[in-house]
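The values are calculated or read from the model by the stated rules, or taken from the named source; none is laboratory data. Not measured: the values here are computed from a predicted model. Please note: Cβ atoms are built from the backbone with ideal geometry, for glycine as well, and neighbour counts cover all protein chains shown.
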Amino acid sequence: MVLEYAWLIPVIPFAAFVLIGLLPRRTLFWEDGGGYAIGGAAGALIISILVIWDVFQGHTLTTTAPTFEWLVIGNFSITFGIWIDQLTAIMLLVVSVVGTLVVVYSGAYMHEDAERRRRYYAEIMLFISVMYGLVIANNYLMMFVFWELVGLCSYLLIGFWYERPAAASAAKRAFIVTRVGDIMFMAGIIILFKYVGSFDFGTLFADGGAATKAAFAESPGLLTLATAFIFGGAIGKSAQFPLHEWLPDAMEGPTTVSALIHAATMVKAGVYLVARSYPLLVQTPDSLLFVGIIGGITALLAATVALAATDIKRVLAYSTISQLGYMILGLGAGGFIFINSGSAIGYTASIFHLMNHAFFKALLFLCAGSVIHAVGTNDMRLMGGLGRKMPITSITMLVGALAISGIPPLSGFWSKDEVLSSVYSAGSFHGMFFILWAMGVATAFLTAFYMFRMWFMTFTGGPRSEYHAHESPKLMTVPLMILTGLALTSGAALFIGEGFRAFLQRAIGVTGETESLSGIALDTLTSPFTYLVLGLVVVGMLIAYRVYYMAGFNRAVFATGVPGTFQRALENRWYISKFYDDFAYKVVYGFAKLSDLFDRYVIDGIVNLVAYLGANAGAVIRKAQSGNVQRYAGIIILGIVVLMFFVLFVLPWGGW
Amino acid sequence: MIPLEYWLVLSSLMLAIGAYGVLSRKNAIVVLMSIEIMLNAANINFVAFSTYYPIVHTGINANGQVFALFSIAIAAAEVAVGLAILLTVYRRYRTIEVDKINILRW
C-alpha cells in the first residue's frame, strides 16, 4: 500500500523549498534553483500518481490512517494524520499536474528575474507543499494550519515584485481580505470543537455527519452557524461575493503564480473545504441554500465584470471567480439533492468542474503569460494580431477558451452541463434553485462572449502598438500543449472506467448504483437545456465575433447612454472595489481618527493631568509653609480640636 | 476636699489661656511664658489625678507627682534653651517679634 506514504507528498516539495532557500548560490545550478523546484514538484507528482492509482483501485485511507501526536494538553491530544479518499485523490491530481507544469513553465518565464528566481522557486515550492498538506489533512486544525500557510504563500508570491506599489498593495489586500474568511473558518471550527470535542474528520463525519448533528441536539442553530462560518472561510479563499475583490488585484504577481493560484492552489482550497465539509453541510439545509445563493451571485456578477475588463489577466481572474461560483453553486444544489434523494450528482458535478477548470484555467493563464512575455503589457487594447506570430499560444488559448465556454466535446462542456443540470434538478426541492439556474445559464452565455472577446482582441486584427512578438521557448509551449491535451480530454473522465460520478460519490458515503455511463451521455445529449445553453454559448461567441473581429462595428455605442452607464459600472467592477476603498478610507479611517483623538485628548489628557498635578500642586501647597510659627501652632491646635471632636462625637455615633 | 472637676476646669482654663497667648502675642518672651502656663496646666492635671487615686483605687500611686516634677525640670531646661535661642535671634535680627521672624518659609 502506497497510501501510507502519502505524507511524503508535501514533504518532497518542502525539502526542495528548504534546499533552495539554504544552499549556497553556486550549488543551485540551473535557473537559480529551478532544477530543485522541478525535482520537488516531479517527486510529489510521482507519489501522487501512485496514490491516485491506488485510490482508483478502490483503496482509501481515512479513519485508520497513521497519525502522530502533535500537541498534548493534559489527557487531550491533537493528532495530525492523513486522509486519503476519492476527493483527496482528485485534488492531488489537480495540484500535482498543474503545479509541476507551472514550475516547468516558470523555468523560461522567470528567466529575466535573475537573482530573485531563487526566492521565487523557494516560495512556489512552499506554496505547492502546503497545498498538498491541506488536501491530505485529516482534521480541521491541521487543515487550518495549512490553510493559513497557503494564505501566507499567496501573499508572498502576489507581492513578488514588491518594489511595485500595486503589487505590494495587492498582496496586502489578498492577505487581509482572505483573513476575514479565515476568522470565520476558525470560528466555525471552534464551535464544532466546543460541541463535539474533536477536530478529526473521522469523529465529525461519523455516520455521514449524523453524529455531529446529535451532539448539537440542544442547539441545532449553532450547527447551522458553524457550517455557515466554515463556508465563510471558503468565501474568503475562493473569492466569492462579497470577498472576491482581492483575486483580480492578485494579478499583480507573476503570471505563473496567477495560474497556480487560480488553477491548483489557493482558490481551489475554498471549494475543497466546502466539499470536504459536506457531511456537516448536508445536516444544515439553511447553510446549503446560503452556499448556493452566494455561488450563483458570484458566478453572474464576476462574469459581467469580465465583459468590460481590458487587462488580459483580469478577464481571466473574473472568469475564475465566475467558475468558482459555479462550483460553489453546484455544491449548494448538490446538497439539496443529496438530502432529498440521496444522490451525489451535484457534488460530483462540482468537483468534476473543479478538475476540468484547473486544467483549462491553468492553460489560459499560461497562455496569457506567454502573450505577456512576448508583448510586455497586460493591456489587450495594445495587443492584436498575435495569432500569426504566436501560432502555438494562440491555438492552445483558443482550445482553453472553447473549453471554458463549454463547447462539446471539450471538458468544460461536460462539467458545466453537469453542474447546471444538477442545479436545475435541485429546483424541485427548493424553488430558489430555478432562479440560480437561470443565473448560471446567463453566466454561461456571458462567459462565451468575454472569452472570445479576449481571444479576438489578442490574436486577431492588426497590432495596436509597437512590439516585436515571437513564439515563446519550448519550455513554455510544451506545458501549454500538455494542458491543451488535458483540457481537450479531461471531460472524458465522466465516462472512463466506472465513471466519475460512481468514483467520487463514495467520498461522501454514497455507494448505490449510479446511472449507466451511456445513460449519462444520453441524458446530456437529449436534454433540451443542454441545447439551450449550447445555443446561448454559440450566440455569445458570434456576438464577440461580430463586435471584435469583423470590421465596421462601431464600439462607441457602448460608451453612451444607458449602455454607457452600464459599461462604466462594469469598468468600475460594480463599484464594489470602490465601496471597499471608501469604506476603508471613510469609515475605518474615520473611526481610527476618532480613536486617535480619543487617545490624544482623553487618555493622554488623564495622564497629563496627573503629571501636571504632581508638577504644579506643590506651587500651591507650599504656600502653607509661611514660616510663621504662630500660624503653625494655630493649625496644630485646630487639628487637635478636630481630632477630639471626631473621637468624642463622631466615632461613638458610628458605634465605635 | 476640693472636687476633681474644679482642678480640671482650672487646668483647662490655663491651657486655653496659654494657647491664646502662644497664638496671639507677638513678643517671643511672652509666647515662651504662655508655653510655661500650658505646661503647668498639664502639671495640675497630673497632680490632681494623682491625689484622687486612692479614692478610686486602693493604695497610693505617686506616678502623677513624679511626672509633674519631671515636667517642671524639663520646663526649666526648655526655658534655658529657648531664652538662649531668643537671645541669638535678637542679636541677628534686632527683633524678637515672632511674625517678623519667618525666614524658614517657601
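Observations on the model:
- A:Gly346 within 24 Å of A:Val291 (Cβ to Cβ) and not hydroxyl-bearing (Ser, Thr, Tyr): yes
- Annotation note: Cβ proximity below 8 Å between a residue of the stretch A:133-159 that is closer than 19 Å to A:Thr60 by Cβ and a residue that is surrounded by 23 or more Cβ atoms within 10 Å (Cβ to Cβ) and of a type in the set (Lys, Arg) (sequence gap 6+ or interchain) occurs for A:Met143/A:Arg276.
- The criterion of at least 3 residues that are modelled with pLDDT of 90 or more and under 14 Å from the mean Cα position of the chain (by Cα) is met by the following helices (runs of 4 or more DSSP H) wholly inside the stretch B:1-77: B:4-24, B:28-51.
- Some residue of the stretch A:234-247 being crowded, with 24+ Cβ neighbours inside 10 Å, touching a Phe, Trp or Tyr at 6+ places or on another chain (Cβ under 6 Å) and assigned to a helix (DSSP H, G or I): no
Yes/no matrix, rows are residues, columns are (1) modelled with pLDDT of 80 or more; (2) crowded, with 16+ Cβ neighbours inside 10 Å:
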{"position": "A:Thr484", "(1), (2)": "yes, yes"}
{"position": "A:Leu504", "(1), (2)": "yes, yes"}
{"position": "A:Thr524", "(1), (2)": "no, yes"}
{"position": "A:Phe529", "(1), (2)": "yes, no"}
{"position": "A:Val533", "(1), (2)": "yes, yes"}
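- The conditions of being assigned by TED's automatic domain parsing to the domain that holds A:Asp182, under 23 Å from A:Ala174 (Cβ atoms) and surrounded by fewer than 24 Cβ atoms within 10 Å (Cβ to Cβ) are met by A:Thr310.
- Only listed residue being within 20 Å of A:Ala492 (Cβ to Cβ), in contact with a Ser or Thr (Cβ under 9 Å, 6 or more places away or on another chain) and modelled with pLDDT under 90, chosen from A:Val399, A:Val375: A:Val399
- Of all residues in the stretch A:623-638 being in a helix (DSSP H, G or I) and within 7 Å of another protein chain (Cβ to nearest Cβ), the one that is modelled with the lowest pLDDT: A:Lys623
- Test: residue in the stretch B:91-100 that is among the hydrophobic types (A, V, I, L, M, F, W, C), over 13 Å from the mean Cα position of the chain (by Cα), under 28 Å from A:Arg622 (Cβ atoms) and within 14 Å of chain A (Cβ to nearest Cβ): yes
- Test result for A:Gly412, assigned to a helix (DSSP H, G or I), within 26 Å of the chain's Cα centre (by Cα) and within 20 Å of A:Phe360 (Cβ to Cβ): yes
Residues are listed down the side, and each one gets a yes or a no for (1) in contact with a Gly (Cβ under 6 Å, 6 or more places away or on another chain); (2) polar (S, T, N, Q); (3) away from every other protein chain (no Cβ under 14 Å):
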| position | (1), (2), (3) |
| --- | --- |
| B:Ala28 | no, no, no |
| B:Ser34 | yes, yes, no |
| B:Met38 | yes, no, no |
| B:Ala48 | no, no, yes |
| B:Leu69 | no, no, yes |
| B:Ile74 | no, no, yes |
| B:Gly82 | no, no, no |
| B:Leu86 | no, no, no |
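- Test: residue in the stretch A:435-452 that is within 23 Å of A:Ala264 (Cβ to Cβ) and β-branched (Val, Ile, Thr): yes
- In this structure, A:Gly406 qualifies as closer than 30 Å to A:Ile345 by Cβ and in contact with a Leu (Cβ under 9 Å, 6 or more places away or on another chain).
- Segments classed as helices (runs of 4 or more DSSP H), wholly inside the stretch A:436-555, with at least 2 members that are in contact (Cβ under 8 Å) with a residue 24 or more places away in the chain and farther than 30 Å from A:Ala308 by Cα: A:474-489, A:500-505, A:517-526
- Condition met for B:Asn43 (closer than 27 Å to A:Val641 by Cα and within 14 Å of chain A (Cβ to nearest Cβ)): no
- Matching option when the condition is out of contact with any strand residue (DSSP E or B) (no Cβ under 8 Å at 6 or more places or on another chain), at pLDDT below 90, surrounded by 10 or more Cβ atoms within 10 Å (Cβ to Cβ) and β-branched (Val, Ile, Thr), among A:Val641, A:Val650, A:Val620: A:Val650
- Lone unmet requirement of (1) more than 30 Å from A:Ala502 (Cα to Cα); (2) out of contact with any Pro (no Cβ under 8 Å at 6 or more places or on another chain); (3) crowded, with 19+ Cβ neighbours inside 10 Å for A:Asn75: (3)
- Against the list (1) closer than 25 Å to B:Asp99 by Cβ; (2) crowded, with 16+ Cβ neighbours inside 10 Å, the condition B:Trp7 fails is (1).
- Positions within the stretch A:422-432 being buried (at least 22 other Cβ atoms within 10 Å of the Cβ) and either outside any helix (DSSP H, G or I) or hydroxyl-bearing (Ser, Thr, Tyr) (or both), in sequence order: A:Ser422
- Residue in the stretch A:587-604 that is hydrophobic (A, V, I, L, M, F, W, C), surrounded by fewer than 11 Cβ atoms within 10 Å (Cβ to Cβ) and within 13 Å of chain B (Cβ to nearest Cβ) present: no
Here's the yes/no breakdown for (1) over 15 Å from A:Arg117 (Cβ atoms); (2) without any contact (Cβ under 8 Å) to a residue 24 or more places away in the chain; (3) in contact with a helix residue (DSSP H, G or I) (Cβ under 9 Å, 6 or more places away or on another chain); (4) not assigned by TED's automatic domain parsing to the domain that holds A:Thr63:
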{"residue": "A:Trp7", "(1), (2), (3), (4)": "yes, no, yes, no"}
{"residue": "A:Val11", "(1), (2), (3), (4)": "yes, no, yes, no"}
{"residue": "A:Val18", "(1), (2), (3), (4)": "yes, yes, yes, no"}
{"residue": "A:Leu23", "(1), (2), (3), (4)": "no, yes, yes, no"}
{"residue": "A:Glu31", "(1), (2), (3), (4)": "no, no, yes, no"}
{"residue": "A:Gly35", "(1), (2), (3), (4)": "no, yes, yes, no"}
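- Exclusive hit being buried (at least 24 other Cβ atoms within 10 Å of the Cβ) and either within 23 Å of A:Phe338 (Cα to Cα) or not aromatic (Phe, Trp, Tyr) (or both), set A:Ala228, A:Ala250, A:Ala210: A:Ala250
- Residue check, A:Tyr601 over 30 Å from B:Gly21 (Cα atoms) and under 32 Å from the mean Cα position of the chain (by Cα): no
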